[in-house]
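Undergrad: My questions all concern the structure below.
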Amino acid sequence: MSDLLTFDEIAPFLHTNYIGKNIIHFDTIGSTNDQAKITADDVPSSNGTVLISEEQTAGRGRLGRKWISTKGKNILMSIILKPDMMLKDAVKITQIAAAALVCSIRTLGIDAYIKWPNDIIVNNKKVCGILTETKSKLSKIQYIILGIGINVNINSNEIPQDLIKTASSLYIESKNKISRKKLTADVINNFEKFYNKFLIDNDFNSSLEICRKYSAVLNKKIYVINKNKKYEALAVDINNNGELIVEYEDLRREKLNSNEISIRGEHEYI
Ligand code: ADP
């Protein structure tokens, strides 16, 4: 049986109405998010199309950072979304995806948490990152690319030395080999469920409740890093827009938007 993340392998586990009905599979690619942008621009009917690659040669994180991955062992995918939505609401997609991911990983019996805004952590190490990118015109969304990278079956020796303290995989943390195709399908299933709630029923709260319940930062002392400056703060809430509310030492409160902020723990990554 093939262990590639092709449509034929994933489809038996998919229960969605439209996300993942078209899966474009690559053996190798620069970045699935970059390719997804090209597809979103070129193909009008690409809403819900998922791009998956076994390997990325130019994987990206936020703020120009790199995303590293070993070929054939992880999940690297980008979902194209073309909602009728204002740009200001696009940040919510990251929280909806985080809720879906934490649920899927918890279904495997792994205690996963969300490090606001865009990382999933297990035992305080990052096992998954989300990179949401948008194209808009006059404050209206043309498309959203939801990039998801999950470290699934890699060993410790496949994690680059400089990330060893902060990164891990589901296999390392659970000692179980995980079916990439079932997990891929489950993430897409969960994502469509929460995304539809938001889009159709105007219910963002279902996702938010999960983000709050499994937050790795709420009620903790954190560092807010903004353009090389580092401020100590207490994470007090995630508000109804999905923004993090922090309180500084002088009791001043601030709403953090996910775009320019990185969160760090008191000592290490969290
Ligand atoms: P953060 O949310 O930690 O501020 P990003 O979301 O931009 O950062 O993710 C990119 C960062 O994640 C990189 O700078 C690197 O430190 C780390 N990283 C890169 N690849 C991986 C990976 N496969 N697993 C975990 N962490 C990674």
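The values are calculated or read from the model by the stated rules, or taken from the named source; none is laboratory data. Keep in mind the model is a prediction, meaning the values are calculated, not measured. Cβ placement follows ideal geometry from the backbone for every residue including glycine, while neighbour counts extend to all protein chains displayed. All accessible areas refer to the heavy atoms of the entire protein, side chains included, with ligands and DNA or RNA removed. Shrake-Rupley method; radii C 1.70, N 1.55, O 1.52, S 1.80 Å.
Undergrad: Which is of a type outside the set (D, E, K, R), within 16 Å of the ligand (Cβ to nearest atom), crowded, with 24+ Cβ neighbours inside 10 Å and within 12 Å of the chain's Cα centre (by Cα), of I75, I79, I114?
TA: Details: I75 fails: crowded, with 24+ Cβ neighbours inside 10 Å; I79 fails: within 16 Å of the ligand (Cβ to nearest atom).
That would be I114, the only listed residue that is of a type outside the set (D, E, K, R), within 16 Å of the ligand (Cβ to nearest atom), crowded, with 24+ Cβ neighbours inside 10 Å and within 12 Å of the chain's Cα centre (by Cα).
Undergrad: Looking at K197 and the list (1) at pLDDT 95 or above; (2) open to solvent by 20 Å² or more (accessible area, probe 1.4 Å); (3) under 23 Å from S78 (Cα atoms); (4) within 15 Å of the ligand (Cβ to nearest atom), which single condition is not satisfied?
TA: Checking K197 against (1) at pLDDT 95 or above; (2) open to solvent by 20 Å² or more (accessible area, probe 1.4 Å); (3) under 23 Å from S78 (Cα atoms); (4) within 15 Å of the ligand (Cβ to nearest atom), the one that fails is (4).
Undergrad: Taking D42, is it under 23 Å from I178 (Cα atoms) and open to solvent by 80 Å² or more (accessible area, probe 1.4 Å)?
TA: Details: under 23 Å from I178 (Cα atoms): no; open to solvent by 80 Å² or more (accessible area, probe 1.4 Å): yes.
The answer is no for D42.
Undergrad: Next question. Exactly one of these conditions fails for G129: (1) within 14 Å of the ligand (Cβ to nearest atom); (2) free of Cβ contacts under 8 Å to residues at least 40 places away in the same chain. Give me its number.
TA: Here G129 clears every test but (2).
Undergrad: Considering only residues of region 21-54 that are among the acidic types (D, E) and not in a helix (DSSP H, G or I), which is farthest from the ligand (Cβ to nearest atom)?
TA: D27
Undergrad: From the list P160, P117, which one is modelled with pLDDT under 95 and either over 20 Å from K73 (Cα atoms) or of a type in the set (S, T, N, Q) (or both)?
TA: P117 is the lone residue from the list that is modelled with pLDDT under 95 and either over 20 Å from K73 (Cα atoms) or of a type in the set (S, T, N, Q) (or both).
Undergrad: Please find, among T70, T57, T6, the residue that is away from the ligand (no atom under 16 Å from the Cβ) and hydroxyl-bearing (S, T, Y). If you could, list the steps in order and put the result at the bottom.
TA: Values: T70 fails: away from the ligand (no atom under 16 Å from the Cβ); T57 fails: away from the ligand (no atom under 16 Å from the Cβ).
The unique qualifying residue is T6.
Undergrad: Please indicate, with yes or no, whether at least one residue in region 87-107 is surrounded by fewer than 21 Cβ atoms within 10 Å (Cβ to Cβ), in contact (Cβ under 8 Å) with a residue 60 or more places away in the chain and either in a loop (DSSP other than H, G, I, E, B) or at positive phi (or both).
TA: No, every residue in region 87-107 fails to be surrounded by fewer than 21 Cβ atoms within 10 Å (Cβ to Cβ), in contact (Cβ under 8 Å) with a residue 60 or more places away in the chain and either in a loop (DSSP other than H, G, I, E, B) or at positive phi (or both).
Undergrad: Sort out which residues of region 220-250 are of a type in the set (D, E) and not in a strand (DSSP E or B), and write them in order of number. If you could, list the steps in order and put the result at the bottom.
TA: Going residue by residue through region 220-250, those that are of a type in the set (D, E) are 232, 237, 243, 247, 249-250.
The answer is E243, E249, D250.
Undergrad: Condition check: open to solvent by less than 20 Å² (accessible area, probe 1.4 Å) and within 16 Å of the ligand (Cβ to nearest atom). Does I225 satisfy that?
TA: Working: open to solvent by less than 20 Å² (accessible area, probe 1.4 Å): no; within 16 Å of the ligand (Cβ to nearest atom): yes.
Answer is no for this residue.
Undergrad: Which residue is surrounded by the fewest Cβ atoms within 10 Å (Cβ to Cβ), if the candidates are limited to region 158-178 and must be more than 14 Å from the ligand (Cβ to nearest atom) and not aliphatic (A, V, I, L, M)? It would help to see each step written out before you state the result.
TA: Taking region 158-178 as the starting set, the residues that turn out to be more than 14 Å from the ligand (Cβ to nearest atom) are 174-178.
From what's left, not aliphatic (A, V, I, L, M): 174-177.
Numbers: S174: 17, K175: 7, N176: 12, K177: 11.
Checked region 158-178; the qualifying residue surrounded by the fewest Cβ atoms within 10 Å (Cβ to Cβ) is K175.
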